[in-house]
Amino acid sequence: MQPIVRRVDLGDQGTFYRLMAGSYASLSDAEAACIKLKEAGQFCRASATGS
């Protein structure tokens, strides 16, 4: 997978770095990967648009 890192400034909440990885064959494949990350306590949001 080709990682993309985006810096996001959320003001009072601080600055975060979002890691995007893909691509997956389908949105359901991406959602399945998110389930595994969430089970490990990580945030994940599957997106068909890459945003």
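The values are calculated or read from the model by the stated rules, or taken from the named source; none is laboratory data. None of these values were measured; they are calculated from a predicted model. Neighbour counts are summed over all protein chains in view; Cβ atoms, including those assigned to glycine, are modelled from backbone coordinates with ideal geometry.
A few comments on the model shown:
- Single match in ALA33, ALA40 (criterion: among the aliphatic types (A, V, I, L, M) and surrounded by 10 or more Cβ atoms within 10 Å (Cβ to Cβ)): ALA33
- Taking every residue in segment 3-21 that is within 24 Å of GLU31 (Cβ to Cβ) and pairing it with any residue that is at pLDDT 95 or above and β-branched (Val, Ile, Thr), at least 6 positions away or on another chain, the pairs with Cβ-Cβ distances below 8 Å are VAL8/THR15.
- Matching residues in segment 23-40 - criterion: being more than 13 Å from the chain's Cα centre (by Cα) and part of a loop (DSSP other than H, G, I, E, B): ALA25, SER26, ALA40
- Members of segment 1-22 found to be part of a loop (DSSP other than H, G, I, E, B), closer than 15 Å to SER47 by Cβ and of a type in the set (A, V, I, L, M), listed by number: MET1, ALA21
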